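Working notes, structure below.
Throughout, read-outs are computed from the coordinates displayed, never taken from laboratory work. Remember, it's a predicted structure, so these values are computed and weren't measured experimentally. Methodologically, a virtual Cβ is constructed for each residue, glycine included, from the backbone with ideal geometry; neighbour enumeration extends over all protein chains shown.
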Amino acid sequence: ATEKQKWEAQLQKYHRAAGHPNNFNLARILKDAGMPKWKIETALQLKCGDCSALKLGGISSGKIPPASLRPLPRAWEVVGLDCTEWIPPGLADKYKILVMMDLATKFKNTVVLMKYGPKEMKTESQDQILDAFCKHWLATKPKPQVLIPDNAKTMVGEKCRMIFSDLNIHLDPPAVKESWAHGLMERAVQETKNVASKVHLSNPSLAPETSLALATHAM
């Protein structure tokens, strides 16, 4: 194999290990590392089969109003919560996952709440949300002042409000019918599912929970 072919194979490994970044970001990493110009230019032309397989087909305009309605949060003060359904590539079962993100640092944590069949529809419970947040956020990170969930009843229900109030955490969901105000979390959820799917495509023998954990680490 030529030197260029060897480098292209190595690039694929770097690309997967870095959590499938876009070519521009991959090239920037190589430039910062002092790599030769031809290696950087090769990175800009890289094609990843997993990324191509999951490329969005324009199902949403993705337009979110550019202005923020809130003051910029400081690290660990404001945490966003959102639940989503993820179907790992090549598998039939669905996974309900909770994505938690510090809105200042963009530090993320993800938790699989449950697994169910392809024809089933299940909604997370308040107990599952509370259990996941306490075990996977409060136990190891500074307590936030504000939690911004979506408007799902499980996240803003009476039990959640009571527990968070006892913890002196203010629950502040976006206004009804203004879900775009939750745009940061919507983007985080899509990024999490996208990277987790790429990781799982690259490593189909891994448990989906492990692929999700590796994706969270990569981000």
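A few notes on this one:
- Label-reachable residues, the stretch 81-108, where backbone N falls under 19 Å from a point 7 Å from residue 120's Cα toward its Cβ: 83-98
- Net dipole in debye of the chain [+1 Lys, Arg Cβ; -1 Asp, Glu Cβ; about Cα centre; nearest 20]: 640 debye
- Simple rule: put +1 on each Lys or Arg Cβ and -1 on each Asp or Glu Cβ in the chain, find the dipole, and look at 154, 207, 11; the Cα lying farthest toward the positive end is 11.
- Whether the stretch 107-199 is rounded, prolate or oblate, judged on the alpha carbon gyration tensor where a/c under 1.5 counts as rounded: rounded
- The chain: angle of helix 208-218 to the longest principal axis, Cα-based, in degrees nearest 10: 80 degrees
- Filtered trypsin sites (Lys or Arg not before Pro), the stretch 110-219: DSSP coil and at most 10 other beta carbons within 10 Å: 119, 177
- DSSP-loop trypsin sites (Lys or Arg not before Pro) across the stretch 19-50, with at most 12 other Cβ within 10 angstrom: 47
- For the chain, the longest site-free run once GluC sites (Glu not before Pro) in DSSP loop states with at most 12 other Cβ atoms within 10 Å are removed: 1-119
- FRET E, pair residue 10, residue 203, Förster distance 25 Å, beta-carbon r, rounded to 0.05: 0.90
- For the chain, 83, 134, 160 stand unpaired, since no other cysteine beta carbon lies under 4.7 Å from theirs.
- Total charge dipole magnitude, the stretch 108-219, about the Cα centre, Cβ charges on Lys, Arg, Asp, Glu only, Debye to nearest 20: 200 debye
- Helix 23-32 vs. the chain, principal-axis angle (Cα, 0 to 90°, nearest 10): 70 degrees
- Cα-Cα over 31 Å, subset of 31/94; 47/153; 47/106: 31/94; 47/153
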